[in-house]
1. Take the residues in segment 240-257 that are over 13 Å from G196 (Cβ atoms) and not hydroxyl-bearing (S, T, Y), then tell me which one is least open to solvent (accessible area, probe 1.4 Å).
2. Name the residues in segment 97-155 that are among the small types (G, A, S) and in contact with a helix residue (DSSP H, G or I) (Cβ under 6 Å, 6 or more places away or on another chain), would you?
3. Kindly indicate which of S268, S346 is free of Cβ contacts under 8 Å to residues at least 24 places away in the same chain and among the hydroxyl-bearing types (S, T, Y).
4. How do the pairs read when you match residues in segment 109-134 that are under 16 Å from I154 (Cα atoms) with residues anywhere that are open to solvent by 70 Å² or more (accessible area, probe 1.4 Å) and at pLDDT 90 or above, using Cβ under 7 Å and keeping only pairs 6 or more apart or on different chains?
5. Regarding T130, is this residue in contact with a strand residue (DSSP E or B) (Cβ under 9 Å, 6 or more places away or on another chain), at pLDDT below 95 and β-branched (V, I, T)?
6. Select, from V311, V302, the only residue that is outside any loop (DSSP other than H, G, I, E, B), in contact with a Cys (Cβ under 6 Å, 6 or more places away or on another chain) and open to solvent by less than 40 Å² (accessible area, probe 1.4 Å).
7. Among the residues of segment 100-118, what is the count of those that are modelled with pLDDT under 90 and surrounded by fewer than 16 Cβ atoms within 10 Å (Cβ to Cβ)?
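The values are calculated or read from the model by the stated rules, or taken from the named source; none is laboratory data. The structure displayed is predicted, hence computed values, not measured ones. Counting neighbours? That spans all protein chains shown, and the Cβs are built from the backbone with ideal geometry, glycine included. The area values use the complete protein model at the heavy-atom level, side chains included, leaving out ligands, DNA and RNA. Shrake-Rupley method; radii C 1.70, N 1.55, O 1.52, S 1.80 Å.
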Amino acid sequence: MNRFSPPKQSLVLCILTVMSLSCGRRVLLCHGRKHAAAFLPSARSGSCRLQKGASSIKRHTPATIRNQSIRFSTTSSHSAKQSEEYDFDGILPFEKHSHNSIKITVPDDEKSIDNDPFDNASFHSKLEATIATAQKLHKSAIWITVPISKARLIEHAHTSGFTFHHAEGNSATLSKWLLNEESRIPTFATHQVGVGAVCINKLTNEILCVREKRNNYRPWKMPGGLAELGEHLDEAVLREVYEETGIQTKFLSVLGIRHTHGLQFGRSDLYFVCRLEPVPDENGQVGKPVPQEGEIEAAAWVCLDEYRDMVNDLDEKVGHPMMRQIMRLVDQGVENELDIQRTVVSSVVPGRKGSPVYHAALRDD
């Protein structure tokens with residue numbers, strides 16, 4: 001899936017002016033990050049190619065570029081030079097974004113400044129001019145991030161054909177597809193990730209269970225919940241078990257994965273059932289579960305045979321089809337030799353941390 005990720009650098013508006021010494025023609029000037037490259041028209045096709053060796057790069061800020069103009073020109077051996085001018089006062093500052101798109105970031109600043117490009121009175125006309133500019137640059141899409149303090153601008157964006165993509169914290173991000181084809185902008189956050197724990201005390205032949213204060217479909221269930229953003233599966237399941245029961249545990253493996261659709265907020269759900277074992281205290285004892293206040297009604301070590309009888313019951317109001325399958329996995333192997341294993345591998349992307357890969361058990365070499 002293609003992903004559009006917000007840029008980490010602050011918005012910088014650049015003008016790149018390149019003179020061709022061989023034929024003396026003016027070439028395309030473009031906005032971008034402070035290390036952007038100029039797009040030069042190809043002498044053969046009239047299309048734009050990337051020129052990194054710009055001989056002169058002058059950096060500008062909105063304060064220094066007032067009353068100046070951007071010149072977009074296209075030339076080819078088969079057509080005369082055509083050009084159009086765009087006044088900086090009539091266009092919104094933007095930066096290059098992923099997948100050949102551009103992004104406008106509205107600052108969360110209510111200070112009044114001269115010729116504010118995000119002034120409510122002129123915002124719509126400037127946005128329309130920016131859309132036209134992006135289309136001339138053959139961009140695929142435009143993104144615009146608007147803080148709550150400037151929410152009044154969202155109505156203008158809607159009028160110009162923007163739709164909500166996602167909202168988080170104090171800002172909303174909208175998008176507009178520009179190409180004359182079906183939009184390839186991916187839906188935001190299609191899935192949530194949940195974790196559940198099968199934690200068995202082998203010394204007592206008991207399984208750790210909880211009963212929630214609401215939405216209990218069976219007398220007992222395994223502890224678990226949703227993984228947080230940036231949290232690995234093993235971290236999430238250990239945290240959830242400790243929060244709901246107060247029991248310290250060790251991650252062993254993944255037993256299975258359930259994929260469900262239409263859950264919270266209409267999202268799909270990936271639920272990872274993990275095999276854990278309790279961590280005894282310094283005296284070699286496993287503690288008594290303590291239910292989480294406000295969330296869990298009861299937490300207990302339940303006799304494994306009692307739990308197995310419950311999930312295996314053929315009465316549809318008593319049995320639990322998913323856990324019936326999970327318990328078969330628990331019982332079939334020696335320890336966790338047949339479970340889904342976890343291996344942390346390095347990334348081929350420079351600077352990216354290693355990631356866990358979950359896979360079938362490997363045979364010994």
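1. Among them, the one singled out is I247.
2. Once the filter is applied, which keeps residues that are among the small types (G, A, S) and in contact with a helix residue (DSSP H, G or I) (Cβ under 6 Å, 6 or more places away or on another chain), segment 97-155 yields only A129.
3. Going through S268, S346 in turn, the sole match is S346.
4. These pairs meet every condition: N120/R152; H124/T159.
5. Values: in contact with a strand residue (DSSP E or B) (Cβ under 9 Å, 6 or more places away or on another chain): yes; at pLDDT below 95: no; β-branched (V, I, T): yes.
No: the conditions fail for T130.
6. Step by step, each of V311, V302 is checked, and only V302 is outside any loop (DSSP other than H, G, I, E, B), in contact with a Cys (Cβ under 6 Å, 6 or more places away or on another chain) and open to solvent by less than 40 Å² (accessible area, probe 1.4 Å).
7. Residues that pass the stated criteria total 9.
Rundown of residues vs (1) under 22 Å from P278 (Cα atoms); (2) basic (K, R); (3) at pLDDT below 95; (4) part of a strand (DSSP E or B), yes/no style:
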site	(1), (2), (3), (4)
H156	no, no, no, no
A167	no, no, yes, yes
E181	no, no, yes, no
I185	no, no, yes, no
G196	yes, no, no, yes
G230	no, no, yes, no
A236	yes, no, no, no
E243	yes, no, no, no
